[in-house]
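None of the figures in this text is laboratory data; all of them are computed from the coordinates on show. The structure displayed is predicted, hence computed values, not measured ones. Because the Cβ atoms are built from the backbone with ideal geometry, glycine has one as well, and the counts that use them run over all protein chains shown.
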Amino acid sequence: MVTHEVILSWLLNLESLTIFRGIQKHEGIQKLARLCELLLPILERGNTQVSIDEKRLLSRTWGDFIATLLKELDHALVGDLKVTLDGAPADLSLYNLIAHQVLKDENPLTLSMERTLPEDIPDTLKNLAYLDLELLYRMSQLDLASLGETLGDITGIVCHLPLQMHLPAPKYALPLLKPDQNWVNALHELGRWIHSHGAGILGQHHAFIWKHVSAKSDDASGSRALHPVLNADPISLQDLSGYEAQRAVVLDNTRRFMEGKPANNLLLYGDRGTGKSATVKAVCRAFADQGLKLIEVRKRDLLHFEAIAETLSHRGLRFVLFIDDLSFEETDDTFTGLKALLEGGLERRPTNMVIYATSNRRHLVKERFADRPTTAMAAEAIETGDVRAFDTMQEQLSLADRFGVTVVFTAPTQDEYLSIAEAIAERRGMLPSGADRTQFRANALRWERWFNGRSPRTAQQYVDWLAGGEGFPWE
């Protein structure tokens with residue numbers, strides 16, 4: 001059973017938050033606060049003379065809160081980074097809800113932690129944070145089972161909780177914000193976690209898509225233009241076969257970037273299916289624990305470079321802007337936007353950002369005969385010294401040159417293709433030996449002739465088909 005004093009104290013603690021005040025806006029916290037506000041006057045008068053309408057409202061609000069809590073704890077592991085907390089109870093507890101909101105909150109303190117080490121945080125912010133963490137710890141101790149019993153006594157309805165939540169295994173188990181220790185002492189470790197992985201939504205995921213929001217929208221903040229990729233491609237460097245030299249260039253450039261050294265924008269150019277996009281995703285995942293975020297920018301959103309730069313430039317993380325399958329039919333506004341990204345105008349590219357683009361075209365803008373000067377035009381240009389006749393073609397052909405490094409992915413030879421197929425099958429425990437190996441290679445060659453030609457993608461599709469255990473399409 002909970003008392004009037006316990007409920008009042010919980011509400012006062014919530015209302016006293018300063019640094020972590022954003023937690024007040026969380027849907028589950030708001031619904032629990034509403035429940036406490038309804039319960040407070042009833043407990044004050046000793047649970048007497050409770051009307052039918054009051055009982056119905058209490059029951060409905062409790063149901064709304066539990067439904068929200070279930071939804072939240074269904075996603076209790078923090079985004080793609082899969083974080084849980086050492087000692088966390090595997091049940092429907094207020095501790096789980098509040099502790100994860102502390103990790104997710106974006107505020108002046110957590111943004112400062114992202115940019116600098118915990119020991120360098122201003123004392124003013126740290127002192128306010130100590131007070132908030134004390135309040136939040138007290139709030140997390142409210143026993144929801146006892147609260148449910150109290151509501152059951154008042155309403156006559158059983159207000160119980162699910163006995164246990166079975167959460168998937170986490171990638172990280174943080175030794176902080178423990179359920180049985182005051183959270184004040186966790187500030188330093190919390191700062192180190194945020195410094196490595198990021199604050200707010202950027203701390204919960206490593207891959208995002210930029211979706212520009214109209215300035216007229218209420219959601220036009222930069223953080224809301226970043227949409228996390230909830231089911232990010234799990235590909236890692238160990239999953240890639242072949243193209244070691246090309247991958248080494250991307251890895252070395254990314255490593256230099258992460259170390260704060262000068263790094264180049266990269267154009268990964270070559271035949272389809274050769275692993276250009278997979279290389280970018282795998283390399284970026286390799287540096288995710290060091291604070292690297294991959295942000296895919298669609299071609300139509302290249303116009304919004306200023307908004308992208310404004311959103312990311314003040315963050316303490318590093319970003320790869322990923323432009324996949326880049327090409328232009330003509331020099332339109334998005335072409336100009338990409339030039340601004342690569343070269344910068346009045347607004348230079350932030351130092352915590354590089355651009356990695358993939359394309360099947362060496363010349364990114366489709367060249368038309370109409371753009372080429374005729375023989376007569378060329379002769380006139382040479383005679384008069386007027387070079388404007390060549391401007392359109394030169395502007396188009398020079399875009400790829402604005403990338404610092406071009407990494408070329410050519411289609412594999414037959415032997416390279418077979419080696420890739422064998423490496424994929426071996427990783428999956430499917431590579432045969434002896435005469436079966438010979439048949440495996442023969443079928444791999446027949447597969448590429450039937451379908452998409454030699455490429456790592458074709459090799460992957462061949463092994464995927466074998467894993468299905470059925471005959472081949474030509475049989």
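What order do you get for 321, 202, 445 when you list them from fewest to most C-beta neighbours inside 10 Å? It would help to have the intermediate numbers written out before the result.
On the way: 321 23, 202 27, 445 15.
Placing the least packed residue first, the sequence is 445, 321, 202.
Counting other beta carbons within 10 Å of each Cβ, put 258, 1, 113, 139 in order, fewest first.
Details: 258 15, 1 11, 113 27, 139 21.
Listing 258, 1, 113, 139 from fewest to most nearby Cβ atoms yields 1, 258, 139, 113.
Taking R0 as 25 Å, what's the FRET efficiency between residue 256 and residue 211 from their Cβ-Cβ distance, rounded to 0.05?
On the way: r = 30 Å, r/R0 = 1.19.
Computed FRET efficiency for residue 256 and residue 211: 0.25.
For each of 19, 52, count neighbouring Cβ atoms within 10 Å of the residue's Cβ, then give the residues from fewest to most. Present the calculation step by step, with values, prior to reporting the outcome.
On the way: 19 20, 52 8.
With the fewest neighbours first, 19, 52 line up as 52, 19.
Would you mind working out the magnitude of the charge dipole of the stretch 414-468 relative to its Cα centre, with +1 at each Lys and Arg C-beta and -1 at each Asp and Glu C-beta, to the nearest 20 Debye?
Values: 8 positive and 7 negative charges, 24 e Å.
Once rounded to the nearest 20, the dipole reads 120 debye.
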